[in-house]
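Enquirer: Mind having a look at this structure? Questions to follow.
The values are calculated or read from the model by the stated rules, or taken from the named source; none is laboratory data. Bear in mind that the values here come from a model prediction, so they are computed numbers and not experimental data. All Cβ positions, even for glycine, are placed from backbone atoms using ideal geometry, and neighbour counts span all protein chains on display. Ligands, DNA and RNA are excluded from the accessible area calculation, which covers all protein heavy atoms including side chains. Shrake-Rupley method; radii C 1.70, N 1.55, O 1.52, S 1.80 Å.
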Amino acid sequence: YLIQISAMADNYLVQQFMQDNPLSQQVWTYTTQRFGGDWFVLLFNHVYPSLEHARAALDKLPSSISAYEPFVKSARQVKQELIQKGV
């Protein structure tokens, strides 16, 4: 399981988010398709062994990140999105 911090349709906004929140060493990014276009997804670069572990980590996020309404996402879903994108 992973924690998705945010997803944005504009790569510039992703870069701005990264500048505003010094997370560059703590995130993975990938591109997926949503609403007929590219979406840029930010994940914390940590894989959790269970849904419970991921939810516990989600509860400990700083408010500056929680404001973006992060959520737990399965690694299977991330892999599926990457396959659909042709990665």
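Enquirer: Where the second residue is surrounded by 11 or more Cβ atoms within 10 Å (Cβ to Cβ) and among the hydroxyl-bearing types (Ser, Thr, Tyr) and the first is farther than 18 Å from Trp39 by Cα and lies in the range 63-87, which pairs have Cβ atoms under 9 Å and are six or more apart or on separate chains?
Expert: Pairs found: Ile65/Ser6.
Enquirer: Turning to a different aspect of this structure: Any residue in the range 9-34 that is among the aromatic types (Phe, Trp, Tyr) sitting within a Cβ distance under 9 Å of a residue that is open to solvent by 80 Å² or more (accessible area, probe 1.4 Å)? List the pairs, counting only those 6 or more apart or interchain.
Expert: From residues that are among the aromatic types (Phe, Trp, Tyr), the pairs are Phe17/Tyr68; Tyr30/Val87.
Enquirer: Something else: Can you name the residue in the range 34-68 that is within 14 Å of the chain's Cα centre (by Cα) and of a type in the set (S, T, N, Q) and, of all such residues, is farthest from Met8 (Cα to Cα)?
Expert: Among them, the one singled out is Asn45.
Enquirer: Can you tell me which residue within the range 42-57, out of those that are free of Cβ contacts under 8 Å to residues at least 40 places away in the same chain and surrounded by 14 or more Cβ atoms within 10 Å (Cβ to Cβ), is nearest to Glu81 (Cα to Cα)?
Expert: The extreme case among them is Leu42.
Enquirer: Also, I was wondering about something else. Anything in the range 1-28 that is open to solvent by less than 20 Å² (accessible area, probe 1.4 Å) and among the small types (Gly, Ala, Ser)? List them, or say none.
Expert: Passing the criteria: only Ser6.
Enquirer: Can you tell me how many residues in the range 19-29 are over 12 Å from the mean Cα position of the chain (by Cα) and within 18 Å of Leu61 (Cβ to Cβ)?
Expert: 5
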